[in-house]
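Quick note: the coordinates plus some simple rules give every number you see, no bench work behind them. Because the structure is predicted, anything quoted here is derived from the model rather than measured. Here Cβ is always computed from backbone atoms with ideal geometry, including for glycine, and neighbour counts include all displayed protein chains.
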Amino acid sequence: MAARAYWRGHIRLALVSIAVELFSATKSGAKISFRQIHEPSGKRINYEKVVRGIGPVDRDEIVKGFEKSKGNYVLLTDEEIDAVKLESKKTLELVQFVEACEIDPLYFEKPYYVAPQDDLAEEAFVVLRDALRKAKKVALGQLSVRGREKLVAIKPCGKGLLLETLRYADEVRAGQAFFEDIDDSKPAKELLDMAGTLIEQRSAPFDASEFEDRYAAELKKLIDKKAKSKSDTAIIEEDDDSGSSGGNVIDLMAALKKSVEEKPKKTTSRKRKRA
């Protein structure tokens, strides 16, 4: 089944308009989700809309409210909210170009693949892609979709483009407040050199396929085991924590030296074959 486009429209750079379509670059199918079940009957638990002191209410009695102060709400109808929503424009205008390193990773939200809609759009699409790559720049614009306006960044991605939605400035917390109590003193050169050696020993090109969500894998094993057992008995396996040091107070230099002397753990068989 072909992937469904999240958005179709045009990327515009000055007088050049390129017909494109966006596809989500991520998927959530690998996540394990649970439902709350009433154990005696085995049926799903549903939730009712209730008001304290009144009880269940009808859906048509519900409006949205914004809390201005504790317990004080400004009430808005769906019609009033819809009147504010932006029209979903079919044009994404590129208004600025920046160095990729200028955008703090905190601002990146969700990635989408960008592809030309047809053969007619391909030539201009390729020109934009290669021009961005040559300039080592990222294009910025604002995309109106589903009644909201998103700040986006576009950069080359293989033979195509990658669009990433960005958080607005007021959606990101300033981090310095969390670091105020950290001492300004510099670490000893010996410790810094030893840590640098350890980092160098364990440096390698990033490959996401080399990492696995071990929690999800173990959870799937547990679900399969319980499904096969056809029993309501709890299946709990104790972790073997024999490798723990048993103490919290350590000599940092000794720990770093020991880490440098130890050989890195072997990689997966797939990685060894590639090597």
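Can you order the peptides 46-56, 141-151 by their average number of other Cβ atoms within 10 Å per residue, highest first?
Top to bottom by mean Cβ count within 10 Å: 141-151, 46-56.
Ignoring everything except DSSP H segments at least 4 long, calculate the 222 nm mean residue ellipticity for the chain; use -39,500 (n - 2.57) per segment, divide by total residues, nearest 500.
After summing the helix terms and dividing by residue count, I get -8000 deg cm²/dmol.
Near residue 64, which lysines are there with a Cα under 23 Å away, not counting those fewer than 8 places off in the same chain?
The reachable lysines, counting only those whose Cα sits under 23 Å from residue 64, are 49, 85, 150.
Taking 1 over the mean of 1/r across every pair of different Cα atoms in the chain, what Kirkwood radius in Å do you get?
It is 25.8 Å.
How big is the stretch 152-235 in terms of Cα radius of gyration and Dmax, in angstroms?
When restricted to Cα atoms, the stretch 152-235 yields Rg and Dmax of 23.0, 60 Å.
So if I restrict to the alpha-carbon atoms in the stretch 26-175, what is the Rg, and what is Dmax, the biggest pairwise distance, in Å?
Radius of gyration, then largest Cα-Cα span, for the stretch 26-175: 22.4, 65 Å.
With the alpha-carbon atoms as the only input, what is the per residue convex hull volume for the stretch 89-150 in Å³?
Measuring per residue, one finds 106 Å³ for the Cα hull of the stretch 89-150.
Only Lys, Arg, Asp and Glu count, each charged at its Cβ (+1, +1, -1, -1), so figure out the dipole size of the chain about its Cα centre, rounded to 20 debye.
In total the dipole reaches around 1200 debye.
In terms of modelled amide H atoms, which long-range or inter-chain residues lie less than 5 Å from the amide H of residue 112?
Correct list: 25, 163, 164, 165.
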